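Structure first, then comments.
The values are calculated or read from the model by the stated rules, or taken from the named source; none is laboratory data. This is a predicted model, so every value here is computed, not measured. With ideal geometry, Cβ positions are generated from the backbone for all residues, glycine too; neighbour counts draw on all protein chains shown. Quick note on the areas: whole protein, heavy atoms, side chains included, nothing else; ligands and nucleic acids left out. Shrake-Rupley method; radii C 1.70, N 1.55, O 1.52, S 1.80 Å.
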Amino acid sequence: MVTITTFIFAVTSMITVYISLTAWKEERESVKPYLTFTQSPSVEILHKNDLTFSFHFTNVGTHPAASLHCQAIFADSDLNAEPLQVDQISLANYVSPDSTVDLVVTVDIQTQGIDTGQVNQHYIILNLKYFDPVFEKQYEQIIYLRWAGISKGQLQPIYHASREDKAQIIQYLGKT
């Protein structure tokens, strides 16, 4: 009888420890730094030969984000050629909670031989890497966007890519 009772208490204790560890891990993830858009991404034409893409991020996590680095990849939506442009950008040394950081990427369309009156749809992949100095852990966020291009001289908006688009982009990035 004592053996059975001891066994039941041991199992109960193991379950309690497991639940506590799971809750602790979930709490830890909920306070990590996390960057999100504060407003819709935008694009504009500057000097008739530059496309300027602007992204505004806010750290909505409880912890700061340190050493923020971004890789921005621009690829034509048919995904059959090399990326139009790949940029490596160091954004900020330290982004405290509720702080905003801006990412501005310029694409020289004249050098690329692109007509500003008609630009095909493109995918924009933003790979954000940053460090949580509180937990001393590195994090990575990948954001997949779809820009509808320029149609009849009119700039089109930027949207989040669909799941199908994301799957195609991941396959494409695996090849390049």
*Among Ala65, Ala92, which is the only one that is in contact with a Phe, Trp or Tyr (Cβ under 9 Å, 6 or more places away or on another chain) and at pLDDT below 85?*
Ala92
*asked:* With the requirement that a residue be in a loop (DSSP other than H, G, I, E, B) and either of a type in the set (Asp, Glu) or open to solvent by 40 Å² or more (accessible area, probe 1.4 Å) (or both), what does segment 115-140 give you?
replied: Asp115, Thr116, Gln118, Asn120, Gln121, Pro133, Val134, Phe135, Glu136
_Given the criteria of a type in the set (D, E, K, R), open to solvent by less than 20 Å² (accessible area, probe 1.4 Å) and out of contact with any strand residue (DSSP E or B) (no Cβ under 6 Å at 6 or more places or on another chain), does Asp98 qualify?_
no
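Take Asp108 and decide whether it is exposed (fewer than 14 other Cβ atoms within 10 Å of the Cβ), over 25 Å from Arg163 (Cα atoms), among the charged types (D, E, K, R) and in contact (Cβ under 8 Å) with a residue 24 or more places away in the chain.
Judged against the criteria, Asp108 is a match.
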*What are the pairs, 6+ residues apart or on separate chains, where a residue within segment 41-58 that is under 17 Å from Gln118 (Cα atoms) has its Cβ under 7 Å from a residue that is among the acidic types (Asp, Glu) and part of a strand (DSSP E or B)?*
Asn49/Asp108; Asp50/Asp108; Thr52/Glu44
_Please go through segment 12-50 and give me each residue that is at pLDDT below 85, open to solvent by less than 100 Å² (accessible area, probe 1.4 Å) and aliphatic (A, V, I, L, M), ordered by number._
Val17, Leu21, Ala23, Val31, Leu46
*Test: Pro83 is over 27 Å from Glu164 (Cβ atoms) and in a loop (DSSP other than H, G, I, E, B)*: no
_Check on Ile158, touching a Lys or Arg at 6+ places or on another chain (Cβ under 9 Å) and open to solvent by less than 80 Å² (accessible area, probe 1.4 Å)_ = yes
*Return yes or no: is Phe53 surrounded by 15 or more Cβ atoms within 10 Å (Cβ to Cβ), modelled with pLDDT of 90 or more, in contact with a Leu (Cβ under 6 Å, 6 or more places away or on another chain) and not in a loop (DSSP other than H, G, I, E, B)?*
no
*In segment 57-75, how many are under 23 Å from Ala161 (Cβ atoms), open to solvent by 40 Å² or more (accessible area, probe 1.4 Å) and either of a type in the set (Ser, Thr, Tyr) or not in a loop (DSSP other than H, G, I, E, B) (or both)?*
2
